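See structure below.
The values are calculated or read from the model by the stated rules, or taken from the named source; none is laboratory data. All values reported here derive from a predicted model rather than from experimental measurement. Methodologically, a virtual Cβ is constructed for each residue, glycine included, from the backbone with ideal geometry; neighbour enumeration extends over all protein chains shown. Protein only, heavy atoms only, side chains kept; ligands, DNA and RNA dropped before computing areas. Shrake-Rupley method; radii C 1.70, N 1.55, O 1.52, S 1.80 Å.
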Amino acid sequence: SSGINAEYGDIIVAPYNAVLFMNQGKEHMDASVMFDNEALFNISCNNLNIEKPSFSNINQLIAQTISSVTAPVRFPGTLNTDITQIQTNLIPYPRLKYLVATHAPFVAREKLSHEQLTVADITKSCFIPSNQLLTYDQGSGKIISCSLLYRGYFSLADVNKAIEKVKKSKAIGMVDWLQSNLKIGITHKATVDYGDLVASDRAACLLANTTAVRGVWSRLLRKYDVMYASRAFVHWFVGVGMEKNEFACASYELETLVKDYQDLEEIEDSADSEDSDEC
């Protein structure tokens, strides 16, 4: 789902669209990779040096990321994984199926030839906020599970070393109650030139399920509730067949989702506290 941040779109009812979609779509999808215009615009401006990004530029970033997610299904590799395996590893509970993504490198054409990125550099970049395709605060939650999907020729030994280095740096917070919560995949097919995106010999995509997304939902819910409190624009939706009670139901469902993530965080905090008491 895209367009969560209404400040970078041209649709005034974007909060309605996003929340109502969440409510209607939850029964019809196994997983959802989330993007928002703010993060995508920032990558286009800051990483790719595009002064005025178009929606074509934005769509290229999304397409490149999803292409990396599906690459293990389409091309041979050292550690291939299919979509079902990715879904099984990333979604511990049926309702918590909303994933965040990062992709690296996103580098401007004039810089790519001068940058020699190591396996460690690429891996670390996947956990850097400037490469996030969704605007959220990493530090406000913990990663439940994640998959690192590499493209190009990577040594498995180098990948394992890079991941251990990231873990030891404490750059990422991961829940303690799930032991094997980071999976990797390596596909030999590198990325290709696509619009303003330049092909890279090696790249990686991170998909993560993190409790930090509750901040995204809370921010969206506030915008939704402010509009709905005055019943602004509701008549347009009712006029095409929606029931008025669907607005209240959608708000309640999103509140419940935020609480689900909050409860999971409290379980983690409680476990940490018990460990401290035992010590």
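Given the options Met227, Met242, name the one that is assigned to a helix (DSSP H, G or I) and farther than 24 Å from Leu96 by Cβ. Quick ask: steps written out before the conclusion?
Numbers: Met242 fails: assigned to a helix (DSSP H, G or I).
Going through Met227, Met242 in turn, the sole match is Met227.
Would you point out the residue of segment 225-243, among those that are surrounded by fewer than 17 Cβ atoms within 10 Å (Cβ to Cβ) and within 21 Å of Glu27 (Cβ to Cβ), that is nearest to the chain's Cα centre (by Cα)?
Met242
From Ser180, Ser218, Ser200, which residue is of a type in the set (S, T, N, Q) and in a helix (DSSP H, G or I)? Let's see the steps before the verdict.
Working: Ser180 fails: in a helix (DSSP H, G or I); Ser200 fails: in a helix (DSSP H, G or I).
From the options Ser180, Ser218, Ser200, the qualifying one is Ser218.
What are the residues in segment 148-178 that are closer than 19 Å to Ala204 by Cα and crowded, with 16+ Cβ neighbours inside 10 Å, if any?
Within segment 148-178, Leu148, Leu149, Tyr150, Arg151, Gly152, Phe154, Val159, Ala162, Ile163, Val166, Ile172 qualify.
Please verify whether segment 203-224 includes one or more residues that are of a type in the set (Gly, Ala, Ser), open to solvent by 10 Å² or more (accessible area, probe 1.4 Å) and closer than 18 Å to Met22 by Cβ. Walk me through it before giving the result.
Let us first name the residues in segment 203-224 that are of a type in the set (Gly, Ala, Ser), namely 203-204, 208, 212, 215, 218.
Those left that are additionally open to solvent by 10 Å² or more (accessible area, probe 1.4 Å): 215, 218.
Subsequent filtering for residues that are closer than 18 Å to Met22 by Cβ retains 215, 218.
Yes - at least one qualifying residue is present in segment 203-224.
Is segment 125-148 home to any residue that is farther than 22 Å from Asp36 by Cα and charged (D, E, K, R)? Spell out how you get there, then give the answer.
Filtering segment 125-148 for residues farther than 22 Å from Asp36 by Cα gives none.
Checked segment 125-148: no residue is farther than 22 Å from Asp36 by Cα and charged (D, E, K, R).
I need the full set of residues from segment 32-60 which are open to solvent by 60 Å² or more (accessible area, probe 1.4 Å) and among the small types (Gly, Ala, Ser), in order please. Steps first, please.
So the first thing to find is which residues in segment 32-60 are open to solvent by 60 Å² or more (accessible area, probe 1.4 Å), and the list is 42, 46, 49, 51-52, 55-56, 59.
Passing the criteria: only Ser56.
For segment 3-16, does any single residue satisfy the condition of being modelled with pLDDT under 85 and on the phi > 0 side of the Ramachandran plot? Reasoning before the result, please.
Step one: filter segment 3-16 for residues modelled with pLDDT under 85, giving 3-11.
Filter again for on the phi > 0 side of the Ramachandran plot, leaving 3.
Yes: segment 3-16 contains one or more residues that are modelled with pLDDT under 85 and on the phi > 0 side of the Ramachandran plot.
Sort out which residues of segment 182-202 are without any contact (Cβ under 8 Å) to a residue 40 or more places away in the chain and buried (at least 18 other Cβ atoms within 10 Å of the Cβ), and write them in order of number. First the steps, then the outcome.
If we filter segment 182-202 for residues that are without any contact (Cβ under 8 Å) to a residue 40 or more places away in the chain, which is where we start, we get 182, 190, 192-193, 199.
Result: Leu182, single match.
Each row is one residue, and each column tells you yes or no for (1) out of contact with any Phe, Trp or Tyr (no Cβ under 9 Å at 6 or more places or on another chain); (2) of a type outside the set (A, V, I, L, M, F, W, C); (3) at pLDDT 90 or above; (4) over 27 Å from Tyr150 (Cβ atoms).
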{"position": "Ser1", "(1), (2), (3), (4)": "no, yes, no, no"}
{"position": "Val19", "(1), (2), (3), (4)": "no, no, yes, yes"}
{"position": "Asn47", "(1), (2), (3), (4)": "no, yes, no, no"}
{"position": "Ile62", "(1), (2), (3), (4)": "no, no, yes, no"}
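So which residues in segment 161-180 are closer than 16 Å to Ser147 by Cβ, at pLDDT 80 or above and not basic (Lys, Arg)?
So the first thing to find is which residues in segment 161-180 are closer than 16 Å to Ser147 by Cβ, and the list is 162-163, 166-167, 172, 174-175, 178-180.
In the following step, the residues that additionally are at pLDDT 80 or above were identified as 162-163, 166-167, 174-175.
Once the filter is applied, which keeps residues that are closer than 16 Å to Ser147 by Cβ, at pLDDT 80 or above and not basic (Lys, Arg), segment 161-180 yields Ala162, Ile163, Val166, Met174, Val175.
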